[in-house]
Structure formats: C-alpha cells, structure tokens
Amino acid sequence: MKVVFYQAGDFEASRAAEAWCDARGIAVGALQQGAPRGLLVGYYQIAKWRNLNDAERRALEGKMTGNMRHGPVTINLLGGAEDYPLLTPEQFEHFAGTEKS
C-alpha cells in the first residue's frame, strides 16, 4: 500500500504522514536526514535508519521516504488499506498511553 503526502511548508508533509500513521497505531522511526524512517504497527520506539541492523530492517512493516522538510513524503506499507484501519477512540487512548486510571 502506498500513500503520498504533498502538503506545502516546512515539515508539513512529514507531519501529515506522522498523523496518518498515529491514527492507525503505526509507530514511526526517528528522523535521519536523507534516510527512510521505519514503520511498525504497535507502540514502539524505532531507531534511526543507520542504527537498524539488517534483521530489524526486514522486520519493519513499511518505510516513510521522501523529503521530510519540503515533501512530498511517501508511506509504503505491506498489505492493503484494510490492514491499517483507523483506531477507535478506546484503541487510540491505549496506543497513545493516555488510559485513565
């Protein structure tokens, strides 16, 4: 599955892509100039591309590529749109770590 973000302005396409991922419970890797960002479904902290070994890169469910500052930014994920539905409010609270005690 491929999704492209064309928003104008500094980092606007990157922010839109991050928000799209966040709404679906997809963790986004750390920003590193000129390198892809890894994507995994779930609550993860993903290192910069240069710090991921080959096995970790193969385990990713996708990558975010493009010019993160000026756009466009492209998300490529395994599978189709049905594999990455929007989170329900309850799922989003759990994923975001904002559960009420």
Check your understanding: If each of E93 and Y6 carries a label point 7 Å out from its Cα toward its Cβ, how far apart are those two points in nm?
Key -> 3.8 nm
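By count of other Cβ within 10 Å, fewest leading, how are F5, F11 ordered? If you can, show how the numbers build up before the last one.
Numbers: F5 20, F11 16.
Ranking F5, F11 by Cβ neighbours within 10 Å, fewest first, gives F11, F5.
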**Study point:** Within segment 2-96: Cβ-based charge dipole about Cα centre, in debye rounded to nearest 20 (Lys, Arg +1; Asp, Glu -1)
**Key:** 460 debye
**Study point:** Cα Rg, Dmax (largest Cα-Cα span) when computed across segment 2-96, Å
**Key:** 12.9, 36
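Got the relative contact order for segment 2-96 handy, in percent, Cα pairs under 8 Å and 6 or more residues apart? Please report the intermediate quantities before stating the final value.
Numbers: 165 pairs, mean separation 32.8, N = 95.
The normalised contact order for segment 2-96 reaches 34 percent.
Since every read-out is calculated from the coordinates, none of them should be taken as a lab result. In this text the structure is predicted, and so the values were computed from the model without any measurement. Quick reminder, even Gly has a Cβ in these numbers, built from the backbone with ideal geometry, and neighbours come from all protein chains shown.
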